[in-house]
Structure formats: C-alpha cells, structure tokens
C-alpha cells in the first residue's frame with residue numbers, strides 16, 4: 001500500500017461518533033473531524049497553512065472561519081460547534097498530534113474536556129501533521145485523492 005493510500009484509508013476511517021443528531025449529509029456521524037480536515041486541505045494551497053505545524057494562534061483564525069462556513073452548510077441551524085472540539089480530538093488519529101504547551105502534558109481527559117479555543121490554547125501550542133500527509137496536501141493530485 002502506498003503512503004498516499006494509507007492516508008486515504010485514515011481519512012475514510014476517522015473515528016466519528018454516530019448519532020441521530022447528524023444528518024445524512026454527515027452520514028449520520030459527527031462531522032467535526034472531516035470538516036476540519038477539509039478546511040485544512042483548502043488552506044494549504046492558499047498559503048495560509050504553510051507547514052505541517054498548525055498553531056492555535058494565527059493559523060487557527062482562518063481555519064476556524066472556514067470550518068464554521070462548512071459547518072453551517074451541512075448542519076441544521078441552531079447546532080453549534082467549536083473548532084477546538086475536532087482540533088483536539090484529531091489527536092486520536094495516527095497523522096495528527098497535539099503539541100503541548102511547555103511543561104504541560106496533554107492527557108485523554110484534557111482532550112475530552114476541550115470545547116473552547118481558550119481551553120485548547122491553555123494546553124496546546126498547536127498540532128503537528130505527518131510530514132508525508134502535509135506533502136500530499138500541498139500537491140494538487142494528493143489533495144484530490146484525499147478529498148475523494
């Protein structure tokens with residue numbers, strides 16, 4: 001299996017909570033992680049995300065705006081979310097690792113309790129993507145396959 005095929009498989013099998021809350025557009029599963037990844041995939045070629053490290057300061061502003069735009073397009077009115085939710089929980093996927101603030105350890109309890117950007121910034125500097133994944137995100141062909 002090629003490296004790109006491995007990332008495609010990871011994207012297709014994201015750990016997502018099922019629930020009646022989620023529409024068919026979200027395949028009846030929590031859409032947070034796919035929407036965040038879609039936003040990141042869109043911001044890499046625009047030059048907003050320029051490295052495999054996504055900081056919870058500057059990088060998060062445009063990423064948050066795009067995440068919210070996508071959220072509003074598929075989720076019924078009245079349901080809200082914070083980018084902090086999928087940003088922290090993607091740490092459970094093999095290609096995304098939270099980078100803790102100096103002197104801090106990011107525990108499963110911290111991840112489970114992250115529901116605001118303020119809380120996320122208290123514990124994390126950002127997230128580090130696999131170098132290989134970032135390379136594919138930079139490539140038009142790689143992005144096309146990751147989006148499929």
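Here, each number is a calculation from the coordinates, and none is a lab measurement. As the structure is a prediction and not an experimental result, all values here were calculated from the model. Cβ atoms come from the backbone with ideal geometry, glycine included; neighbour counts cover every protein chain shown.
For the range 19-93, the square roots a ≥ b ≥ c of the C-alpha gyration tensor eigenvalues yield an a/c of 1.5 or more together with a/b exceeding b/c, which makes the shape prolate. Translational diffusion coefficient of the range 3-147 at 37 °C, 0.692 mPa s, Stokes-Einstein with Kirkwood Rh over Cα pairs, in µm²/s as a whole number. Diffusion coefficient, whole number: 212 µm²/s. Quotient of the Cα radius of gyration of the range 86-148 and 2.2 N^0.38 Å, N being its number of residues: 1.28. Stretching residue 65 away from residue 92 to a fully extended chain increases their span by 7.4 nm, per 0.36 nm per residue minus the current alpha-carbon distance. The label-point distance for residue 25 and residue 121, in a model that sets each label 7 Å from Cα toward Cβ, rounds to 3.0 nm.
Note: the range 65-120, Cα convex hull, 106 Å³ per residue. With contacts taken as Cα pairs under 8 Å and at least 6 residues apart, the chain reaches a relative contact order of 29 percent.
What 222 nm value per residue comes from the helices of the chain, counting each DSSP H run with n ≥ 4 as -39,500 (n - 2.57) and dividing by all residues, nearest 500 deg cm²/dmol?
Details: 8 runs with 74 residues, N = 148.
Value at 222 nm, helices only, nearest 500: -14500 deg cm²/dmol.
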